[in-house]
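Take a look at the structure below.
The values are calculated or read from the model by the stated rules, or taken from the named source; none is laboratory data. This one's a predicted model, so the numbers in the text were calculated from it and none came from an experiment. Positions of Cβ are generated from backbone atoms using ideal geometry, with glycine treated the same way; all protein chains shown enter the neighbour counts. Remember, those area values only see protein heavy atoms, side chains included, never the ligands or the DNA or RNA. Shrake-Rupley method; radii C 1.70, N 1.55, O 1.52, S 1.80 Å.
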Amino acid sequence: MKLRNIALSLATALALTSCESILEIDPPTDSLTADVTFSTPEGIRTAATGFYTENFLNNLMYYQGLELYVSQLSDELLARSGQFADLNQNNYNSSTDYISNLWSTPYSSIYGANDFLGHVEGSTVLPADELNKYRGEALFFRANAYFYLVNLFGDVPLLTTYDVSVTATAPRTPKAEVYQQIIADLQQAQQLLKGSGNGRTRITTDAATALLARVYLYTEQWDKAISEANKLIPTADGGQGSSYQLETADRVFLATSSEAILQSNQEGFTGTGSYVGYTRIGNLFIPNARATYASYYFCDELVADLRSEPADLRNQWIGEKAGSGGKTYYYPYKYKNMTTPSSSANYEYYVLLRLAEQYLIRAEASVHLGNMQQAVADINTIRHRAALADYAGSTSQTDLLMEIEQQRRKEFFFEGGHRWMDLNRTGRADAVYGSTSYKKVNWKSYRSLLPIPEQQIGRNRNLTQNPEY
C-alpha cells in the first residue's frame, strides 16, 4: 500500500506540474523534482506504477465520466434527481461542469505521459527492455486519452511535449491528424511492449492491439481493423489469437474473466470503501437495499431494446428496483458487487477492453469490404453467446450494419461511452436522438460534438469554440 500511495503522489505531481498552465490545479506542495525522480531506477518504476493509479483508479474518466456523463449524453441513462438534466436533455454548454471534466481528465493523462516520455528519453538508468515496457505503457495511455478527446470534442490540441511554453498556447489540431498520432503511438506501443507479459491488469501488446483495431474501425481503415482484430480473435473463429475466449454473460466482468483484454483492479481507489473485489461502478449505481428507488436508471427505449428478445442472457446486465408508486427502475447491473463479496471467485474488476468488441469490429469492417459471410458469422458468435438464434435477416449492407448497431447497443450499453461514439461515427445520431422520447425536443446535429470548456478558451487565446456554442 505504501508503494501505491507513493506512486499516486508522484504521478499526480508529474502530471500537474506540466499542465497547470492550462488546467486550474494547485501544484503539489511535496512533489519531487523531475530530475531527481528520473535519476534512479526506483523513481522511474514508481512513476510508471503511478500511471495506473492516476489513470484507472483516480481518473474521473474511468469511474464516472464515461458511465455517468457520456451514458447520459446518449440515449441510455437518466438520473432521478434531475441533476444531470443538461446532459440527457441536450442543454449542455461551454460552462457545464461535467463537460469540463471530460476535457481535463484525459489531458491530465496526456500531460503525465508526455512528462514521463520526455524525461526518460535516452535514459540508461534501467535495462532497455524494462524501460521500453514503461514507455509503451505511457504511449498507450496517451493514445487512449486522445481517442476519447477526439470523439467527444473533435479537433483538439495535440500535445506531445511537456514544455509549458508550447502547451499553454497550443491551437486545436484537425481530428485526422490527432488520429494519426494515436495510431503512431499504438503501433510503437505494440513494439515496445513485446515480451512484457500477459497480465490483464497491466498494459500489454494485446491491449494496444485491441485499441488500435477500434481506431482503425473509427477511421474506416477496414482491412487494418480486421488485421488487428484477428490477432486477438481465437483460431477457432478464424483469428490468430489464443489468449482470450468469450465468457458466459455472468462471468464477463469477473476478475477471472477470460474475455477481458484490459481490466482494472479497483483496490486503491481513493473514494470511500476498500474496493477489494468490487468496482466504483457497482458501488455507485446499484441501489441500496433500503432505497425506495434507483438513483440512476435506464430510459424506456433502452430497456425495450434490451428486452426485445427475452431469451437474451444480457438481460441479466439490467437490475430491477421496485419504487414507490408502482414504478420499476431498471438500473446498471453489469457489475453486481457493491462491497467485497464473501468469495474471491466473485471478485469483479473494471473492464476497459474485451474480446466481444473485436468480433463486432471484424463484422462491421467485413460488411464494408463486402464479405457478408464473415460478418454474419461474427454476428452469430455474439448472438450465440447471448443464447440467441442465428441472425435471420437480410444480408444487405444496410441491414447488416443495423444488426451490428443493435448488437453493439445490447453488448456495450453503459460501457466505455460506446453508444455515444457509435452513433456519432456512423452518422446515426440525428435519426436516433431525434426520435428518442426525452431527447428529441432539444436535439440539434451540432451537439454531436461537445463544447470546448469556456475556462480553457479563456486561458488559451488560440483555442476556438465548436460551431453554434
### Message
Here is a list: Tyr296, Tyr359. Which entry is at pLDDT 95 or above, under 18 Å from Val252 (Cβ atoms) and either buried (at least 17 other Cβ atoms within 10 Å of the Cβ) or not basic (Lys, Arg) (or both)?
### Response
Tyr359
### Task
Filter the range 172-193 down to residues that are part of a helix (DSSP H, G or I) and over 21 Å from the mean Cα position of the chain (by Cα) and give me whichever is farthest from Ala48 (Cα to Cα).
Gln191
### Summary
All conditions in (1) within 18 Å of the chain's Cα centre (by Cα); (2) at pLDDT 95 or above are true of Asn132 except (1)
### Task
Check whether at least one residue in the range 89-96 is outside any loop (DSSP other than H, G, I, E, B) and either open to solvent by 10 Å² or more (accessible area, probe 1.4 Å) or farther than 30 Å from Gln406 by Cα (or both), and report yes or no.
no
### Query
Hey, among Asp422, Asp390, which residue is modelled with pLDDT of 95 or more, open to solvent by 10 Å² or more (accessible area, probe 1.4 Å), under 23 Å from the mean Cα position of the chain (by Cα) and of a type outside the set (A, V, I, L, M)?
Asp422
#### Entry: Residues of the range 22-73 that turn out to be of a type outside the set (Phe, Trp, Tyr), farther than 27 Å from Leu450 by Cα and modelled with pLDDT of 85 or more, as a count
13
### Summary
Of (1) touching a helix residue (DSSP H, G or I) at 6+ places or on another chain (Cβ under 8 Å); (2) of a type in the set (A, V, I, L, M, F, W, C); (3) not in a loop (DSSP other than H, G, I, E, B), Leu126 fails just (3)
## Note on the structure
A careful count of residues in the range 222-266 that are in a loop (DSSP other than H, G, I, E, B), under 19 Å from the mean Cα position of the chain (by Cα) and farther than 30 Å from Ala375 by Cβ gives 3
### Task
Could you give me the residue pairs with C-beta distances under 8 Å whose first residue belongs to the range 256-282 and is over 21 Å from Phe141 (Cα atoms), whose second residue is polar (S, T, N, Q) and not in a loop (DSSP other than H, G, I, E, B) wherever it lies, and which are 6+ apart or on separate chains?
Ser257/Gln263; Gly271/Asn283; Gly273/Asn283; Tyr275/Asn283; Gly277/Ser344; Gly277/Asn346
### Query
Within the range 134-155, is even one residue in a strand (DSSP E or B), open to solvent by 10 Å² or more (accessible area, probe 1.4 Å) and over 30 Å from Thr256 (Cα atoms)?
no
